[in-house]
Amino acid sequence: MRTKTLLAAAAMLAAGLASSMAQSNVYSLNVVGYVNKVFVGGNKYTSVANPLNAATNTLTALLGGAGAGLPNGTRVLKWSGGAVDFTTYTKVAFASGWSGPGGTGDGNVATLRPGEGALVLSPVGSADLTNTFVGEVLQGNLTNSFVTGYQMAGNMVPDSGSVTTVGLTTNTPVTSRLLKWDTLAAGTTQGDWKTYTRTGFGTFWSGPEGTVPPDLAVAEGFLMLAQPSAFSWVRNFTVQ
């Protein structure tokens, strides 16, 4: 499928790479660029996924180390299937810039690879935050595997559309649930989950809007409950 939302710089950079590689008899081409992701400020959660493959996909490399990137006090929550809970990493002013269960070096260990999702909690009193992801657009046969139970995930590539359009319906077992984070959920101060259930009929999804498949934005994470069995989200993706 054609990419709905491509990186502004990717096409120009790819053209430049193609020209230089033609002169050097190199025939492979990687498309690289950037995606700006806004995290809602004021002590609110935003669901995020890494849409590009960076040279290093750790919290420190992607979200900034000590003295750089997101402000101190920002928290990243990654789902731990073994603990059936979120593991929290907090932005600090020293060491790797992120402190977690293993100490202040966790930012160099904790990852946010393409296909992984997380929640970002902005500091109290902060304005909206913008993070720039820079890296390669993954292409070819891509597989994001879901274990039975809950898993925080995201699109492995920087495109958008309904879950049907991006190929998430085909192998998803009936009765599985996809939870999208709603920062502006009525009656909440920090947001809440909107739940969509995989059905075996119609548009194959049922949720708050009726039988309308949920949409996924670029760099948006989500929580998937795979039941009664594990499955794989398989895509054959090419930038055109």
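The values are calculated or read from the model by the stated rules, or taken from the named source; none is laboratory data. All of these numbers come straight from a predicted model, not from anything done at the bench. Positions of Cβ are backbone-derived with ideal geometry, glycine not excepted, and every protein chain shown enters the neighbour counts.
Which of the numbered conditions does G103 fail, given that it passes all the others? Conditions: (1) closer than 19 Å to Q151 by Cβ; (2) more than 19 Å from the chain's Cα centre (by Cα); (3) not hydrophobic (A, V, I, L, M, F, W, C).
Only one criterion in (1) closer than 19 Å to Q151 by Cβ; (2) more than 19 Å from the chain's Cα centre (by Cα); (3) not hydrophobic (A, V, I, L, M, F, W, C) is unmet by G103, namely (1).
Filter region 125-164 for residues that are over 20 Å from L225 (Cα atoms) and of a type in the set (V, I, T) and give the result.
T130, T132, V134, V137, V157
Any idea how many residues of region 93-112 are of a type outside the set (A, V, I, L, M, F, W, C) and assigned to a strand (DSSP E or B)?
5
Provide a single number: the residues in region 32-42 that are part of a loop (DSSP other than H, G, I, E, B) and either surrounded by 22 or more Cβ atoms within 10 Å (Cβ to Cβ) or out of contact with any strand residue (DSSP E or B) (no Cβ under 7 Å at 6 or more places or on another chain) (or both).
Counting residues in region 32-42 that are part of a loop (DSSP other than H, G, I, E, B) and either surrounded by 22 or more Cβ atoms within 10 Å (Cβ to Cβ) or out of contact with any strand residue (DSSP E or B) (no Cβ under 7 Å at 6 or more places or on another chain) (or both) gives 1.
So which of G81, G73, G105 ends up being small (G, A, S) and modelled with pLDDT of 95 or more?
None of the other options fit; the residue is G73.
May I ask you to list pairs of residues, at least six apart or on different chains, whose Cβ atoms are under 9 Å apart, with the first in region 163-174 being within 12 Å of T197 (Cα to Cα) and the second being among the small types (G, A, S) and assigned to a loop (DSSP other than H, G, I, E, B)?
Partner pairs satisfying both residue conditions: P173/S229; P173/A230; V174/G200.
Which one of these does A219 not meet: (1) on the phi > 0 side of the Ramachandran plot; (2) free of Cβ contacts under 8 Å to residues at least 40 places away in the same chain; (3) not aromatic (F, W, Y)?
(2)
Do you know which of the residues in region 48-75 that are in contact with a Leu (Cβ under 6 Å, 6 or more places away or on another chain) and part of a strand (DSSP E or B) is surrounded by the fewest Cβ atoms within 10 Å (Cβ to Cβ)?
N53
Does L59 satisfy the criteria of being under 14 Å from the mean Cα position of the chain (by Cα) and under 24 Å from L216 (Cβ atoms)?
Taking the combined requirement at face value, the residue satisfies it.
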